[in-house]
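Enquirer: Below is a structure I'd like to ask you about.
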Amino acid sequence: MKSGLVLEGGAMRGLFTAGVLDVLMENRVRFDGLIGVSAGACFGCNYKSGQIGRVIRYNKRFARDPRYCSWRSFFRTGDLFNADFCYRELPTTLDVFDATAFEANPMEFYLVVTDCSTGKPVYQRIDQADEKAFQWIQASASMPIVSRPVAIDGGEYLDGGLSDAIPLRYFESLGYDRNVVITTRPRGYRKPPEGKLRLWKLFLRRLPKVCDAMQSRSERYNASLDYLDSRVQSGQAFLIAPEQPLEISRISHDPDQMQRVYDTGRTAGERNLSAILEFLSRSESKIGRR
């Protein structure tokens, strides 16, 4: 029996996830594998490296730094989140990512990207915290229109949330049959049909399959939520979700707002800690809580 941790994205909503993860790390809760999407990949890699507090620390530190996330960066580089700063300078110099600890941890780490040529998900396992690993993490979090596709080994990739935002089925297919899933929307949320499709088609005319993925995104996302609910009800998954909408935009420059969302995640982690431990320790569990 293999235990897994499945992390949805959501840009700055992912600070909720970071709060939960820090509580789990502080209490030495271990999983056999982790799969993250978008912010779930960016923030989740710190679980494998064991760096408690790193996510909230660097987000608050650079919240108002135009090198981190700004329209200046977008117009200069084509990326709202400056790729050189976020995925190179920051983890190697400014708030160092512990590559040695990441590689020494036996927990398997996966992330999801969307293949721009097909609009389909690609699931990538990351074992080494090298330059290519950060390219995959960048790709998983590269939102269309405000990010350039990330070129890796002859392919082009964008945000994994376009094609598989909650990859529970995929993780189960790898043998992870006891999964804790952290979402950044409240339980019961359902995504409405995508609006502004003409605008998407205009900006993504070079990437028609990405546009198609965006157009059908709500259907896939809601189907994933329905499947997640069924697995929670059967006792095969444990769901942690915010009780209320997090009230933070996908992009935020407010350190206090970031701290509030992170603290909300910590509260959820602390509230569910004993139930998570019970869920992971029991061979037959009927637990399914927020």
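Enquirer: Assuming Arg250 fulfils every condition listed in (1) among the charged types (D, E, K, R); (2) in contact with a helix residue (DSSP H, G or I) (Cβ under 6 Å, 6 or more places away or on another chain); (3) outside any helix (DSSP H, G or I); (4) at pLDDT 95 or above apart from one, which condition is it?
Expert: Going through the list (1) among the charged types (D, E, K, R); (2) in contact with a helix residue (DSSP H, G or I) (Cβ under 6 Å, 6 or more places away or on another chain); (3) outside any helix (DSSP H, G or I); (4) at pLDDT 95 or above, Arg250 breaks only (4).
Enquirer: Between Asn82, Asn46, which is touching a residue at least 12 places away in the same chain (Cβ under 8 Å) and within 23 Å of Thr183 (Cα to Cα)?
Expert: Asn46
Enquirer: In contact (Cβ under 8 Å) with a residue 24 or more places away in the chain, closer than 26 Å to Asp22 by Cα, open to solvent by 30 Å² or more (accessible area, probe 1.4 Å) and touching a strand residue (DSSP E or B) at 6+ places or on another chain (Cβ under 8 Å): is that true of Gln128 in this structure?
Expert: Taking the combined requirement at face value, the residue does not satisfy it.
Enquirer: Is there a residue in segment 158-172 that is open to solvent by 40 Å² or more (accessible area, probe 1.4 Å), of a type outside the set (Asp, Glu) and farther than 29 Å from Arg76 by Cβ?
Expert: Among the residues of segment 158-172, at least one is open to solvent by 40 Å² or more (accessible area, probe 1.4 Å), of a type outside the set (Asp, Glu) and farther than 29 Å from Arg76 by Cβ, which makes the answer yes.
Enquirer: While we're on this one: From the list Gln215, Gln244, which one is farther than 30 Å from Lys2 by Cα, open to solvent by 50 Å² or more (accessible area, probe 1.4 Å) and touching a Leu at 6+ places or on another chain (Cβ under 9 Å)?
Expert: None of the other options fit; the residue is Gln215.
Enquirer: Just one of the numbered conditions (1) under 18 Å from Gly50 (Cβ atoms); (2) touching a residue at least 24 places away in the same chain (Cβ under 8 Å); (3) loosely packed, with under 15 Cβ neighbours inside 10 Å is not true of Val96; which one?
Expert: Looking at each condition in turn, Val96 falls short on (2).
Enquirer: Scan (1) open to solvent by 10 Å² or more (accessible area, probe 1.4 Å); (2) under 19 Å from Ala141 (Cα atoms); (3) modelled with pLDDT under 95; (4) not polar (S, T, N, Q) for the single condition Met1 breaks and write down its number.
Expert: Going through the list (1) open to solvent by 10 Å² or more (accessible area, probe 1.4 Å); (2) under 19 Å from Ala141 (Cα atoms); (3) modelled with pLDDT under 95; (4) not polar (S, T, N, Q), Met1 breaks only (2).
The values are calculated or read from the model by the stated rules, or taken from the named source; none is laboratory data. Owing to the predicted nature of the structure, the values given are computational and were not obtained by experimental measurement. Cβ: placed from backbone, ideal geometry, glycine included. Neighbour counts: every protein chain shown. Just the protein is used for accessible areas: all its heavy atoms, side chains included, with ligands, DNA and RNA removed. Shrake-Rupley method; radii C 1.70, N 1.55, O 1.52, S 1.80 Å.
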